[in-house]
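The values are calculated or read from the model by the stated rules, or taken from the named source; none is laboratory data. The structure presented is a predicted model; accordingly, all values stated were derived computationally and were not measured. Because the Cβ atoms are built from the backbone with ideal geometry, glycine has one as well, and the counts that use them run over all protein chains shown.
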Amino acid sequence: MSRPGVVTGMDVHAGVYGRQSVGRANKSEVSTVTQRVAGVAEAERRGAVSVTTYEDLGISAFTGDGRPDFDRLIKDCHDGRINLIVVYYISRLSRMDPLDAIPIVTDLLNLGVTIVSLTEGEFRKGNLMDLIHLILRLDAAHSESKNKSDAVRGAKKTAAALGGYLGGKPPYGFRMVPATRTTPEGKPIVIQLLEHEPDEVAVIQNVCRAIKEHKDMPYEPGGGRRHPGSLTGICAQLTSDGVPTKGQTVGKETKDSVWDPKTLMRILRDPRIAGYAATPTYRRREDGKLTSKVESYRIQRDPETMQPVVAYPPIIPPDEWHELQKWLDGRGQGKGLSRGHAVLSAMDLLFCDCGAVMTSHRATVPNRGAYRCRRRKALPGQHEGECTISMQALDTHVARRIFALVQTAEDDPETAVVLAEAARRYAAQTEQPEIAGERRSLVAERADAKQALEELYDREEAGDYDDPVGRRRFRERRERLLGRMERAETRLAEVEEAATPTLPIHLWLPVGAGDVDPVGEGSWWEAATTQERRDFVKLFVRRITVTKAAGAGKSTPVERRTRIEFVSAAGDAVEAEELGDEAAAA
């Protein structure tokens, strides 16, 4: 209804407020509709010349979270636009502690606002019994919510202790089944357990099989073709085959959901498909409140051994799951699947001087392939026409510069810094996926324990543990958290010690091959596969920038058109021109 004007005389201007703390799954929102219809009818029965409705759906009056329409109602009362509030129950107005709620309702009564509960009567200024009755109703509403909240929290804690699943909807690959367990007091309780959903298990296994089979297969894009081992290609195939999503099988609200690479990524990231017990972590909004969007997963670990807790039969073997995570880490812009056999493309390394990425263009004539700028439109100050460079010439030039850098490392401190970062990258590149996953999990475990310890100290400083029982509980929890941090640190040190490979320079530049061309016939580079060459370049190079040729044909040598930025220990670039004279002149 329309917004009323400022109240004048004895006219009644009503505000009908409805609230429902949890939105209904079928979106019917019957509760607030009932409140609104009944409230409007009551306002009209009282002769209201205007009626404005206010509604907060899915918001609790107990938690104290913001209620936009409630705040608007209070403001309109202060502005003199509303002098009658109609609610279905007083609990719709507030379930806060009476000490917090009384100032609000007292302020409204002092403004001359009459509060009407359709089930509990009328409350107005000047009637002491009305105020006492209102206080009693507010206290009852608050107690009801608190008791309900405590009961729900206690039930969840008991269910969790008995192995129950409390994560809401089951993850893809699983379904919930009820099971009866007995509490320590001997009382039966029904909990929900996760077990495999056979049809979805088969989908996950087929997806992982497709990725494993096709992930390293080069392909030529175009013509509507999709790589059969890419997330996008697999989603297209699942849709084409009519494989239902989880949403399509669980209800009307998500019946139109489709296979999406982000959804598939989340399914494959879930440690539970490898059999691990895990909990999702949810994304936070800018105001700090949690959303329902899963951001990542945390593998649960034994507090003593720090080993992963296994809770389910694995859908895919744990070692394959860890290998899959390493592959998924490489998904994203500039990190796509291999396109053709070009060494420098699709690695987020090769750029034109105008800032655009350069991609490979395979010619039909042997050795005439090229890299070319993909910019579509020239801006002021950018080159006109195409910017292309010989693929073979640039690949060879980049390789020679890297080998020159390796050969002069002992004599040049700055070059040694580049090799140190390359060694770190090589360790990450060759590290077993399960070790990399364990390291990430241990770092997160250590951070969690540190954060919990800081919160514990904050509460101790605030006086939350001043009594003898509190002091005992403070010491016990502090020792547990310190133990978690120490065990995580110890295991991290063990992982680091076990994963310290060195650069295999002896393979790239065999001893005694001083006069052999490092990229010529018989060299490691000449025999290496495209992927081996790519992995080699990524160890040393951060960015390659190519400028447009000054003239047609071969008028500008490749070394004059190319700027190579090598990595440094801090992750920053070290330009080739800044390295030693021998490396720069090579």
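Structure summary
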{"quantity": "Residue list for segment 371-384, restricted to those being over 37 Å from the mean Cα position of the chain (by Cα) and touching a residue at least 40 places away in the same chain (Cβ under 8 Å)", "calculated": "His383"}
{"quantity": "Subset of segment 1-22 [within 17 Å of Leu93 (Cα to Cα), modelled with pLDDT under 65 and either crowded, with 20+ Cβ neighbours inside 10 Å or small (Gly, Ala, Ser) (or both)]", "calculated": "Ser21"}
{"quantity": "Sole residue being touching a residue at least 24 places away in the same chain (Cβ under 8 Å) and in a loop (DSSP other than H, G, I, E, B), chosen from Pro280, Pro313", "calculated": "Pro313"}
{"quantity": "Condition check for Glu582: touching a helix residue (DSSP H, G or I) at 6+ places or on another chain (Cβ under 9 Å), among the charged types (D, E, K, R), at pLDDT 85 or above and not in a loop (DSSP other than H, G, I, E, B)", "calculated": "no"}
{"quantity": "Condition check for Glu286: farther than 17 Å from Glu438 by Cα, modelled with pLDDT under 90, part of a strand (DSSP E or B) and within 20 Å of the chain's Cα centre (by Cα)", "calculated": "no"}
{"quantity": "Helices (runs of 4 or more DSSP H) (entirely within segment 87-187) containing at least 1 residues that are among the basic types (Lys, Arg) and either over 30 Å from Pro198 (Cα atoms) or modelled with pLDDT of 65 or more (or both)", "calculated": "90-93, 128-161"}
{"quantity": "Only one of Asp515, Asp535 that is modelled with pLDDT under 85 and not hydrophobic (A, V, I, L, M, F, W, C)", "calculated": "Asp515"}
{"quantity": "Residue check, Glu414 modelled with pLDDT under 80, in a helix (DSSP H, G or I) and closer than 25 Å to Asp319 by Cα", "calculated": "no"}
{"quantity": "Residue selected from segment 225-267 under the condition of a type in the set (Lys, Arg) and modelled with pLDDT of 85 or more, by the criterion nearest to Trp321 (Cα to Cα)", "calculated": "Arg266"}
{"quantity": "Hits in segment 427-443 (condition: under 21 Å from the mean Cα position of the chain (by Cα), surrounded by fewer than 16 Cβ atoms within 10 Å (Cβ to Cβ) and at pLDDT below 75)", "calculated": "Arg440"}
